Amino acid sequence: MLLILMMVLAVGIACLCFAAYLAFGILRESEGSDKVKELSVAIHRGAMAFLRREFIVLLIFTIVMALILALVIAPSSALAYLLGTVMSSLAGFLGMSIATRSNGRTANAAINSYAKALQISFSAGAVMGLCVVGLGIIGLVITVMLFPDSHVWLAYAFGSSLVALFLRVGGGIFTKSADVGADLVGKVEADIPEDDPRNPAVIADLVGDNVGDVTGMGSDLFESYVSAIAAAMVLGMIVYPEGGVGVTLPLVIGAVGIVASMIGILFVRPKEVTGGFELQTAQARATMNRGTYVSCILMIIIGYFVITQFLAEGTGVFIAMLTGLICGLVVGWVTVYFTASERRPTAGIAKSAQSGAGITIIEGLSVGMLSTVIPLITICIAMWISNYFEGFFGIAIAAVGMLAILGMTLATDCYGPIADNAAGIAEMAGLGTEVRERTEALDSVGNTTAAIGKGFAISSAALAALAWLATYFQVAGIMETGANLISVEVIAGLMLGGMLTFLFCALTMRAVSKGAFNVVEEVRRQWREIPGLRDGKASADYVKCVDLTTRGAISGMLLPGILVILVPLVVGITLGVEAVGGLLAGALVTGFLMAVMMANAGGAWDNAKKYIESGKFGGKGSEAHKAAVIGDTIGDPFKDTAGPSLNILIKLVGKIAVIFAPLFVMLAV
């Protein structure tokens, strides 16, 4: 067992070395003109300032939670929890640092080469993906080697959850407060273009792309990744106890996925395109899809070989892993269908915009609700197949299989905000029409990859949450008896879990609303008080908007975060062990459906607006475009704040329940 753990540790270290190689390659590229450097530095400083403030608040919560774990559970759990917070925070910091240093380099590279710009932005996204899986699996191996108690392994995953809660929720509030505020006061009120330097909120908007879609998404999937593997290890130890096979197999599957991801990243080699927007976007999609397909094929081949070597009768485990991998791809394809501008659902929203904002909103909500059907059925099928072959351990392995090539899939997702930043810098720095067209093509592909990433994140969160639900039943000692659905306590838990989803969404959306209002008021103030700013003859105070949005995001995330932590504890202490099982089930069902609906409705509204901006139905400035902008404004907090934050909710309540299950059992006696 020790030899296998050392081999997995070596793979994790090799992954970080590969990430460092890509990072140094990016930093060797030219930063561009003084104006490009100035804008890139402003974005970098704003993002790092946000991260510093987040980490200060996170440090307070971390210390308090570590003390509680040390006193109530065990000091070893507190140490594993601290390691989880450090690893997740470090992954977010490294990914953010490279992302905010690559946006200007991408814009500058686009002056002469579309392929070079794509390579830089994708490589920067790959750094984030590799840091997440590398640090995640290294931390798990260290935890297993230091602490043989399986309950301690779960505390490591819990540490990553708290970081994800702060970075995902806080980042989501920041990015959409800035984005909605900048759009309302800029595009709608003042009728000036997006990313116009006369808008004081534009830098905050670009900072938000990084804190929300790079660090936020990275921390979210870091949590899913280590959660799925940790849950599979705990359940595997029960199913396959001989020689530690059940513990090491999930780690080895994760290591195989890392190797497959690194090879897939090497296959992303863009070529120059001489055509226009459509050819450029098609080439970028094909290039990144090639890397994803290579990673999937390698994962299937190597995964089968490894699993059958570990287990003589390993076919069932392999089928469970394959089911999770296919499930992730299917949910991704469904997301593309419902959010891509050339597909019928989004084109239908764009068409409905000709009748005004009201019908645009109704059509978008309908598309979002309809988009939940296939993902839910797919998850149910994956759950049934995995459970049929390997029980609850199979469900956990399916979650591991879905997340196995996370290094590659997260690379394509984090590429998006970097390309978006590059397009904004190209506009603000006045790099010319051709450069703007190239970066807009990269940004368009990034919108699609971001939508796929959100679908992938929520589907992986659902499977991971199912695995944690099974782990809770095991740790709480109710695996055999289950939870009685006609028990008043269980029904109350179910209803409270369903309610928690809506309360959480309400609080995060309200935080965006307040933040956007403050941004609008600040921009109006600067236009009134800074002579010549609105005419482009003076410089805006970008720092003020970044600071304002940062303070609003941090204050807005506190109450939702506290509720997610307290509700499972209160239910477990007052209503008992089985009621917590009901709470987890209720939060999972409503949270999954709401997250899919919000992500896809928001993505469809966004791309419907872009579809009109491409010249359809009157193009920019038309009545249809104005209606689509309103739909997009509503969709922004849907797809980038409340929806993605539900991923954290459905996983974190399960982890808190598992960690404190011994306390609930003790109080029930």
Mean Kyte hydropathy of 1.6 or more with a Cα span along the axis of at least 15 Å, helices from DSSP in the chain: 2-27, 114-146, 245-266, 315-339, 357-370, 373-403
Heavy-atom accessible area ranking, 1.4 Å probe, most first, across GLU578, GLU313: GLU313, GLU578
Listed residue (VAL571, ILE142, ALA124) projecting farthest to the positive dipole end of the chain, Cβ model: ALA124
Accessible surface of the chain [probe 1.4 Å, protein heavy atoms]: carbon and sulfur percent: 67
Ranked packing of 234-244, 249-259, most packed first, by mean Cβ within 10 Å: 249-259, 234-244
Accessible surface, per residue, of the range 141-183 when the full set of protein chains is kept, probe 1.4 Å, Å²: 15
For PHE122, solvent-accessible area (1.4 Å; no DNA, RNA or ligand), Å²: 0
Solvent accessible area, Å² - TYR21, 1.4 Å probe, full protein context: 150
Cβ charges +1 (Lys, Arg) and -1 (Asp, Glu), total dipole of the chain, debye: 480
Percent RCO, i.e. relative contact order, over the chain, from Cα pairs under 8 Å lying at least 6 residues apart: 21
Separation of alpha-carbon centers, the range 433-450 and the range 220-252, rounded to whole Å: 39
Options (1) 1.07; (2) 1.10; (3) 0.96 - which one matches Rg/Rh (Cα atoms, Kirkwood Rh) as calculated here: (3)
For the range 357-431 and the range 261-315, distance of Cα centres in Å: 17
Mean Cβ count within 10 Å, highest first, over the residues of peptides 314-322, 651-659: 651-659, 314-322
Listed residues TRP468, TRP333 arranged by accessible area, highest first, probe 1.4 Å: TRP333, TRP468
Sequence of VAL268, VAL86, VAL567 from largest to smallest accessible area, 1.4 Å probe: VAL86, VAL567, VAL268
For the range 590-669 and the range 516-571, distance of Cα centres in Å: 20
Heavy atoms of PHE338 accessible to a 1.4 Å probe, total area in Å² rounded to 10: 20
Residue (of ASN421, ILE56, ALA80) at the positive-pole extreme of the chain, dipole from beta-carbon charges: ASN421
Sorted peptide list for 177-186, 601-610, 424-433, criterion being average Cβ within 10 angstrom, highest first: 601-610, 177-186, 424-433
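The values are calculated or read from the model by the stated rules, or taken from the named source; none is laboratory data. Note that the structure is a prediction, hence the values are computed from the model and not measured. Don't worry about glycine lacking a Cβ; one is built from the backbone with ideal geometry, like all the others, and counts go over all protein chains shown. All accessible areas refer to the heavy atoms of the entire protein, side chains included, with ligands and DNA or RNA removed. Shrake-Rupley method; radii C 1.70, N 1.55, O 1.52, S 1.80 Å.
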